[in-house]
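So the structure is just underneath, and the comments pick up after that.
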Amino acid sequence: MAFLFVLTVGLIAGTISGIVGTGSSIMLMPVLVYAYGPKEAVPIMAVASVMANFSRILAWWREVDWRACMAYSVTGIPAAALGARTLLALPSHAVDLAIGSFLIAMVPVRHALARHDLKANLWHLAIGGAVIGYLTGIVVSTGPLSVPLFLFYGLSKGAFLATEAASSLGLYFAKSVTFERFGALTSDVFIKGLIAGASLMSGAFIAKRFVLHLKPEMFRLLMDAIMIAAGLSMLWNAAQS
């Protein structure tokens with residue numbers, strides 16, 4: 001039953017994240033924690049995130065801004081590996097607490113960023129990649145931070161979805177390799193990640209036809225609701241452990 005629940009939520013999460021550019025980890029992580037526990041859920045989500053981002057690149061291949069991707073990834077990849085190593089040193093309840101608090105805190109932060117008409121260049125992407133990369137290694141999703149950064153750079157619609165996914169792909173791959181290097185990504189965990197990732201990939205291709213029709217107001221409400229609900233779920237898990 002837990003297996004089917006993971007697949008169902010993964011398909012829904014993959015579809016939504018394929019439309020708005022983020023949210024799959026935020027939606028799926030509480031389900032993975034419920035099914036497998038926080039220590040297994042984090043590397044499972046890392047593998048699934050690699051697959052989810054790869055599917056968005058395939059769906060929008062011609063739209064990728066490779067200069068922006070390289071600027072972000074060159075600092076983000078090593079920072080993500082360092083963050084993942086930090087995460088492995090934390091106890092399970094601390095992982096739940098950190099992720100849950102981060103998700104809820106990102107709601108007002110995202111609104112604060114949206115109120116400013118900021119512009120980003122390649123140097124800003126490199127600096128942002130280092131900071132967001134390290135946080136990506138520790139928490140399940142930093143989409144609420146990376147999404148505005150790429151939007152401030154001037155990307156939109158397919159170009160935004162493809163470039164953000166291509167940039168995040170390297171970070172999650174580095175995170176997965178770090179987990180494997182330190183024994184957290186076993187063959188069993190890897191297979192679970194592939195299964196969860198397959199459902200996310202399917203949702204990404206379903207989402208492509210809806211990208212142009214989502215109103216900005218609905219996007220904001222949807223992301224706020226998802227982040228608050230997921231954050232509260234993680235804090236509840238922390239309180240029970």
Do we have Ala105 as closer than 14 Å to Gly193 by Cβ and open to solvent by less than 50 Å² (accessible area, probe 1.4 Å) here?
-> no
Just for the range 63-94: of the residues that are farther than 19 Å from Val47 by Cβ and in contact with a Leu (Cβ under 7 Å, 6 or more places away or on another chain), which one is surrounded by the most Cβ atoms within 10 Å (Cβ to Cβ)?
-> Tyr72
Which numbered condition trips up Ser176, out of (1) over 25 Å from Tyr72 (Cα atoms); (2) touching a residue at least 12 places away in the same chain (Cβ under 8 Å); (3) open to solvent by 10 Å² or more (accessible area, probe 1.4 Å)?
-> (1)
Has the range 34-46 got at least one residue that is in a helix (DSSP H, G or I) and closer than 27 Å to Leu122 by Cβ?
-> yes
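The values are calculated or read from the model by the stated rules, or taken from the named source; none is laboratory data. All values reported here derive from a predicted model rather than from experimental measurement. Glycine gets a Cβ as well: all are built from the backbone with ideal geometry, and neighbour counts include every protein chain shown. Areas reflect the complete protein model, heavy atoms only, side chains present, ligands, DNA and RNA absent. Shrake-Rupley method; radii C 1.70, N 1.55, O 1.52, S 1.80 Å.
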